[in-house]
Protein chains: 2
Amino acid sequence: MAVERLVVVGGDAAGMSAASQARRLKGPAELEITAFERGRFTSYSACGIPYWIGGGVTDRDDLIARTPEEHRARGIDLRTRTEVLELDLAGNRVRARDLDSGAESWTGFDKLVLATGARPVRPRMPGIGAHGVHGVQTLDDGQRLMDTLERAGGRRAVVVGAGYIGVEMAEALLHRGFEVTVLHRDEQPMSTLDPDMGGLVNTAMNRMGIRTVAGAEVAEVLDDGAGRARAVRTASGDEYAADVVVLGIGVEPRTGLARAAGLPLGTSGGLLTDLSMRVRGYGHIWAGGDCVEVLDLVAGRHRHVPLGTHANKHGQVIGSGVGGGYATFPGVVGTAVSKVCDLEIARTGLRESDAREAGLQFVTATVASTTAAGYYPGAARMTVKMLAERRTGRLLGVQIVGGAGSAKRVDVAAVALTAGMTVEQVVALDLGYAPPFSPVWDPVLVAARKAVAAVRSAGV
Amino acid sequence: MAVERLVVVGGDAAGMSAASQARRLKGPAELEITAFERGRFTSYSACGIPYWIGGGVTDRDDLIARTPEEHRARGIDLRTRTEVLELDLAGNRVRARDLDSGAESWTGFDKLVLATGARPVRPRMPGIGAHGVHGVQTLDDGQRLMDTLERAGGRRAVVVGAGYIGVEMAEALLHRGFEVTVLHRDEQPMSTLDPDMGGLVNTAMNRMGIRTVAGAEVAEVLDDGAGRARAVRTASGDEYAADVVVLGIGVEPRTGLARAAGLPLGTSGGLLTDLSMRVRGYGHIWAGGDCVEVLDLVAGRHRHVPLGTHANKHGQVIGSGVGGGYATFPGVVGTAVSKVCDLEIARTGLRESDAREAGLQFVTATVASTTAAGYYPGAARMTVKMLAERRTGRLLGVQIVGGAGSAKRVDVAAVALTAGMTVEQVVALDLGYAPPFSPVWDPVLVAARKAVAAVRSAGV
């Protein structure tokens, strides 16, 4: 039997999980694996970058799960600092350039894995190229920001955007002693939450000493005349002094290669795959991680949900498929957790705007409770908002904002959403209770009880 | 319309939740509510007693959610220090004695709620009545123990039993500066877990400075000649010096009244009810809380599961029924969480012994992981054990032992059990991920992945 050739484009979570899992299933005599990575690092936790920047994680290399050398020792021909420039699907080959030598070459494949990730959205505006303006997507990006911070004379930081990356970077910069201003376009930070819940985040951020500016449209980065950022100007003409500017306005799938090759892309520009993570219409090409769209099981449509945990699962599924096994990634319900200092933020399922967009009628219930019995030392405030379908009582979504111990409780709702439970079924769930862990009525259950009442009083 | 008369026997969680909910639905012109409570306190958190004893909760009254006066102000005729001695079901009346005056009287009812709770098992042995030997079930019990501890000259405590109450009291006594020895009969502490997981608890307890003695059959409490406990002797003849002895060997339903009245009891001696918490065969008698058995939805049989969270739900359901509404308590999956110092302990569903008893063939998977990304500061060890049915892959149970942030993760499994998910479905769950909250592969998902592999390799 001829040796099969696998080419992997992208050396982070999805790509290298796929390569590793394929290698576990097939040895070098059966499968030759070549992986291309533009950067210097592989298999690192991009999600961990803010904690390294903030100083909680002291060693950058702690973020690296497996180095290029470790992958090579496992029989993967890993080429770092090598960028794939073209997919030739007719010829089943890829063209790549060694970024140091500039040399280009073609590599043939029998099977192909695309794991090209995402890139931070960079607004087109004057000054965006100034020194001191940073996106934070790859570990190389993180290293560049770290170099700037260590050199930076000043102490003022502007974060553009107040999504997960924005609030996590705000915390990181606060920990490093910066005066932090977060400029964001929406009514409240964390637009992955409804504005009422985002408002709780806003209040908490302000209390921590982070300045937030809502409705701010960033128009220009002003430089000091020597090419270094000195301020950010908004469309309304306000100027915010900044020694460093961090872009946290989201990411978009990096699918230029796939687009040029004619592979199917969704409305967000992410690759479209089947449940086994094969690119639609292609039996020998897989895609996973931040460059694909995933099925939202609650909304019933594909979305771009760039998260390391999904990327790792994709890699596992792809590697199984490449190796001749079978596994699937059925989709997501939209669970995400984050924190900014002591405040934990979580969501799953649909927000009000999502539900409206999906044409659903719904009720909401919001309760203020605590993470432990009220009398237990350290019990922290915790607010839970729940959405349920008006006629059926079907759970549609949950958002949580609260102190330590709040965020992971959203997982209960994630499972209930997956199972298609009604809020009445949620009330009856047997969740763990002891005073250090929960009030005698778990806050999620209290929200469900209130949602049941709302469904009943809404009638049919 | 005549005023209806409701009598409630027992003034803690289930009884007073029922009374309060009934009062919310029906005013005094429609429903007269009389509640009898033997003790001085109502609506308190019995589960909170160890934390008050341990000093974390400084004020006993913080454990009280609603005082007798507050209940009376809401139109409930609450009689504390009044014990119901007899249920006359033919005459629809109860006979009660005022424990202070000794006066007895009959009270008629149209509807009756039994919420008589549980009593600590007290082994029959010489010396059990000595001063310094305490059960901890009611707040009055707790107050008596507190009085002993405040008087106690010595500094040695023996805890008999290593279930939830035993380990929580061991922690409490350790916090109060006692040398603590836990004597227990089983192979490992926490027999609500499998012995391999109980072994992790044992190691951690020893590391905290708590001495544990397995296989210890307590035979006698030795006194100092003046009626005060001075040591505990085991069947094997060992003596353990003790200035205070705390009994934590479990509780049994307090159903003497119900038994005498001929009401239906289950194998554990708890009252049997339908899903609306009506005593089987009686349309006008409800029972809830620690005096009933509940349906175990995984094992498919009734069990005695005395937990405040269930008691509160029962009360809610009963009060709705009494007030003319409709609500149900479908059953439990056996979720319980606890902690001893920094160690968190959780379980849901079936242990190996439960699964064998139920005649099920199963596989197990145990994984050691962490509560946060390994590189995140404060990430704690966390071990997850999962049981799945051998042929179907149906999730049967999960046990977790680990550091801060471990216990409530068991709720994910509780929901999955309720939904009847397979471990394959569990692997695909969209659980919250960010480095402060979880490794990129959530430990519960890793256990499920390993369980899937075990199911597949077990074949059919």
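Within the set A:ALA327, A:ALA365, A:ALA379, the sole residue that is of a type outside the set (D, E, K, R), in a loop (DSSP other than H, G, I, E, B) and in contact with a strand residue (DSSP E or B) (Cβ under 9 Å, 6 or more places away or on another chain) turns out to be A:ALA379.
Scanning region A:203-239 for residues being assigned to a strand (DSSP E or B) and not aliphatic (A, V, I, L, M) gives a total of 9. Within region B:322-352, the set of residues being farther than 25 Å from B:ALA380 by Cβ and facing chain A (nearest Cβ under 9 Å) comprises B:ALA327, B:THR328, B:PHE329, B:PRO330, B:GLY331, B:VAL332, B:VAL333. All conditions but one from (1) crowded, with 16+ Cβ neighbours inside 10 Å; (2) out of contact with any Pro (no Cβ under 9 Å at 6 or more places or on another chain); (3) free of Cβ contacts under 8 Å to residues at least 60 places away in the same chain; (4) part of a loop (DSSP other than H, G, I, E, B) apply to A:GLY127; the one that does not is (3). Each residue in region B:36-82 was checked for being assigned to a strand (DSSP E or B), over 21 Å from the mean Cα position of the chain (by Cα) and of a type in the set (A, V, I, L, M), and 1 of them qualify.
Quick one: A:LEU193 ticks every box in (1) open to solvent by less than 30 Å² (accessible area, probe 1.4 Å); (2) modelled with pLDDT under 95; (3) in a loop (DSSP other than H, G, I, E, B) except a single one, so which number is it? With respect to (1) open to solvent by less than 30 Å² (accessible area, probe 1.4 Å); (2) modelled with pLDDT under 95; (3) in a loop (DSSP other than H, G, I, E, B), A:LEU193 is out only on (2). Among the residues of region B:94-110, none is identified as touching a His at 6+ places or on another chain (Cβ under 8 Å) and either more than 26 Å from B:ALA18 (Cβ to Cβ) or not assigned by TED's automatic domain parsing to the domain that holds B:LEU31 (or both). When residues in region A:230-261 are screened for being over 18 Å from the mean Cα position of the chain (by Cα) and either open to solvent by 50 Å² or more (accessible area, probe 1.4 Å) or in the same structural domain as A:GLY135 (by TED's automatic domain parsing) (or both), 18 of them pass.
For region B:67-75, does any single residue satisfy the condition of being touching a Leu at 6+ places or on another chain (Cβ under 9 Å) and among the hydroxyl-bearing types (Ser, Thr, Tyr)? Checked against the condition, which is being touching a Leu at 6+ places or on another chain (Cβ under 9 Å) and among the hydroxyl-bearing types (Ser, Thr, Tyr), region B:67-75 yields no hits at all. When you look at B:ALA355, is it among the aliphatic types (A, V, I, L, M), outside any loop (DSSP other than H, G, I, E, B), within 14 Å of chain A (Cβ to nearest Cβ) and within 26 Å of B:ASP186 (Cβ to Cβ), yes or no? In short, no. For region A:171-190, name all the residues that are closer than 15 Å to A:ALA241 by Cα and surrounded by fewer than 18 Cβ atoms within 10 Å (Cβ to Cβ). The answer is A:GLU179, and nothing else. Among the residues of region B:262-290, just one is touching a His at 6+ places or on another chain (Cβ under 8 Å), surrounded by fewer than 24 Cβ atoms within 10 Å (Cβ to Cβ) and on the phi > 0 side of the Ramachandran plot, namely B:GLY269.
Taken over region B:389-411, residues that are facing chain A (nearest Cβ under 7 Å) and open to solvent by less than 10 Å² (accessible area, probe 1.4 Å) amount to 3.
Exactly one residue out of B:VAL113, B:VAL167 is in the same structural domain as B:GLY10 (by TED's automatic domain parsing) and either surrounded by fewer than 16 Cβ atoms within 10 Å (Cβ to Cβ) or in contact (Cβ under 8 Å) with a residue 24 or more places away in the chain (or both), and it is B:VAL113. Every condition in (1) in contact with a Phe, Trp or Tyr (Cβ under 8 Å, 6 or more places away or on another chain); (2) assigned to a helix (DSSP H, G or I); (3) surrounded by fewer than 17 Cβ atoms within 10 Å (Cβ to Cβ) holds for B:ARG95 except the one numbered (2). One residue stands out among those in region B:412-431 that are in a loop (DSSP other than H, G, I, E, B), small (Gly, Ala, Ser) and more than 19 Å from A:THR309 (Cα to Cα): the one that is nearest to the other protein chains (Cβ to nearest Cβ), which is B:ALA419. Within region A:432-460, the residues that satisfy the criterion of being open to solvent by 30 Å² or more (accessible area, probe 1.4 Å) and either part of a helix (DSSP H, G or I) or within 11 Å of another protein chain (Cβ to nearest Cβ) (or both) are A:VAL440, A:TRP441, A:VAL446, A:ARG449, A:LYS450, A:ALA453, A:ARG456, A:SER457, A:ALA458. Taking region A:284-301 as the range and being at pLDDT below 95 and more than 14 Å from chain B (Cβ to nearest Cβ) as the test, the residues that pass are A:GLY300, A:ARG301. Output the residues belonging to region B:245-272 that are assigned to a loop (DSSP other than H, G, I, E, B) and in contact with a Pro (Cβ under 6 Å, 6 or more places away or on another chain). Within region B:245-272, B:GLY269, B:GLY270, B:LEU272 meet the criteria. Here B:THR418 clears all of (1) within 20 Å of B:ASP354 (Cα to Cα); (2) hydroxyl-bearing (Ser, Thr, Tyr); (3) in contact (Cβ under 8 Å) with a residue 60 or more places away in the chain; (4) out of contact with any Asp or Glu (no Cβ under 8 Å at 6 or more places or on another chain) except the condition numbered (4). For B:LEU85, the conditions (1) closer than 30 Å to B:ALA231 by Cβ; (2) open to solvent by 30 Å² or more (accessible area, probe 1.4 Å) all hold with the exception of (1). Among (1) touching a helix residue (DSSP H, G or I) at 6+ places or on another chain (Cβ under 7 Å); (2) open to solvent by 10 Å² or more (accessible area, probe 1.4 Å); (3) closer than 29 Å to B:SER20 by Cβ, where does B:LYS313 come up short? Checking B:LYS313 against (1) touching a helix residue (DSSP H, G or I) at 6+ places or on another chain (Cβ under 7 Å); (2) open to solvent by 10 Å² or more (accessible area, probe 1.4 Å); (3) closer than 29 Å to B:SER20 by Cβ, the one that fails is (1). Just checking, does region A:151-159 include any residue being open to solvent by less than 30 Å² (accessible area, probe 1.4 Å) and either under 30 Å from A:ALA2 (Cβ atoms) or within 19 Å of the chain's Cα centre (by Cα) (or both)? Yes - at least one qualifying residue is present in region A:151-159. The single condition among (1) more than 10 Å from every other protein chain (Cβ to nearest Cβ); (2) open to solvent by 40 Å² or more (accessible area, probe 1.4 Å) that B:GLY374 does not satisfy is (1). Of the candidates B:ARG79, B:ARG144, B:ARG119, the single residue that is touching a Phe, Trp or Tyr at 6+ places or on another chain (Cβ under 7 Å) and open to solvent by 10 Å² or more (accessible area, probe 1.4 Å) is B:ARG79. Hey, does region B:343-363 have a residue that's open to solvent by 20 Å² or more (accessible area, probe 1.4 Å), among the basic types (Lys, Arg) and touching a residue at least 60 places away in the same chain (Cβ under 8 Å)? Yes, because at least one residue in region B:343-363 is open to solvent by 20 Å² or more (accessible area, probe 1.4 Å), among the basic types (Lys, Arg) and touching a residue at least 60 places away in the same chain (Cβ under 8 Å). Evaluate region B:305-318: report whether one residue or more is in a loop (DSSP other than H, G, I, E, B) and more than 14 Å from every other protein chain (Cβ to nearest Cβ). The answer is no; no qualifying residue exists.
The values are calculated or read from the model by the stated rules, or taken from the named source; none is laboratory data. This structure is a prediction, so every number in the text was calculated from the model and none was measured. FYI the Cβ positions are ideal-geometry reconstructions off the backbone, even for glycines, and counts take in every protein chain you see. Heavy atoms of the whole protein, side chains included, go into the accessibility calculation; ligands, DNA and RNA do not. Shrake-Rupley method; radii C 1.70, N 1.55, O 1.52, S 1.80 Å.
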